[in-house]
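The values are calculated or read from the model by the stated rules, or taken from the named source; none is laboratory data. A quick note: this is a predicted structure, and the numbers were derived from the prediction, not measured. Here the Cβ is made from the backbone with ideal geometry for all residues, glycine too, and neighbour counts use every protein chain on show. The accessibility values were calculated without ligands, DNA or RNA, using every heavy atom of the protein model including side chains. Shrake-Rupley method; radii C 1.70, N 1.55, O 1.52, S 1.80 Å.
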Amino acid sequence: MFTGIITGVGRIAALDVLGSSSDHGKRLQIEAPPSYLDDVGLGDSIALNGACMTVTSINDDRTGFTIDISAESLARTSGLAEVGRRVNLEKALRAHDRLGGHIVSGHVDGIGQVTRFARVGESWELRVLAPASLARFLAYKGSIAVNGVSLTVNRVDDRPDGCEFSINLIPHTVEHTTLGDLVAGAAVNLEIDTVARYVERMLAAGLPSKDTP
């Protein structure tokens, strides 16, 4: 589990294919910030741009680590197969950590497209067009993770081609995550709020409560 509070920004330093066919995944070498891996061990979970991955090796000087990503995960995420790309990093939540953002599973629900990224006053407005299948999970003042960053939805606009939502980014978020690299047309990983997921399931299935006769 994660919180959507980014703890570092890394870089995809190298990419190796794990087989000769499109069914094979890739091995990514990720450069990490100084001292970031001091408390990380093999098998630990780290989210890359919101996608939960497993650490498979750590450099001897602990400046980088590798993860193996399947072809399925590559097909359902964005920004994890480009050498030189900066990526948001978050270590898995510990039981005694503060829940500063919202509950994030590290499972990408869909890929959105940035429709606007522009400065407004001291902040930035980010607009993203989400797939229509995610529209029912988006609500004013609700939570969503964009490239792993926990954010609050300020506006929702249902459109024929999907659902556009708007977010206000404060300078700290732009400076300490990769969201400042975004431009109109860029693809982003989206994860809906876990609570919204369960509410939708209960309402859609018409599941009775234990007190229902």
Exercise. Out of all the residues in region 62-111, which are farther than 30 Å from Ala135 by Cβ and modelled with pLDDT under 95?
Worked result: Arg94, Ala95, His96, Asp97, Arg98
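Each row is one residue, and each column tells you yes or no for (1) hydrophobic (A, V, I, L, M, F, W, C); (2) touching a residue at least 60 places away in the same chain (Cβ under 8 Å).
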position: Asp158; (1), (2): no, no
position: Gly162; (1), (2): no, no
position: His172; (1), (2): no, no
position: Thr178; (1), (2): no, yes
position: Thr194; (1), (2): no, yes
position: Ala205; (1), (2): yes, no
For this session: Could you list, in sequence order, all residues of region 1-30 that are open to solvent by less than 80 Å² (accessible area, probe 1.4 Å) and acidic (Asp, Glu)?
Result: none
Exercise. What number of residues within region 31-71 satisfy the criterion of being outside any loop (DSSP other than H, G, I, E, B), open to solvent by 30 Å² or more (accessible area, probe 1.4 Å), farther than 22 Å from Gly112 by Cα and not small (Gly, Ala, Ser)?
Worked result: 5
For this session: Only residues in region 108-133 that are closer than 17 Å to Arg76 by Cβ count as the first member; pair them with residues that are surrounded by 18 or more Cβ atoms within 10 Å (Cβ to Cβ) and charged (D, E, K, R), Cβ under 6 angstrom, at least 6 apart or cross-chain, and list the lot.
Result: Val108/Glu191; Asp109/Glu191
Seminar exercise, completed: Residues of region 1-49 being more than 23 Å from Ala187 (Cα to Cα) and of a type in the set (D, E, K, R), in sequence order, are Asp38, Asp39, Asp44
Exercise. In contact with a Ser or Thr (Cβ under 8 Å, 6 or more places away or on another chain), closer than 23 Å to Val183 by Cα and among the small types (Gly, Ala, Ser), is that true of Ala51?
Worked result: yes
Problem set entry | Scope region 61-76; condition among the hydrophobic types (A, V, I, L, M, F, W, C) and free of Cβ contacts under 8 Å to residues at least 12 places away in the same chain; matching residues | Ala75
Seminar exercise, completed: In region 1-30, residues that are in a loop (DSSP other than H, G, I, E, B) and closer than 22 Å to Gly110 by Cα total 9
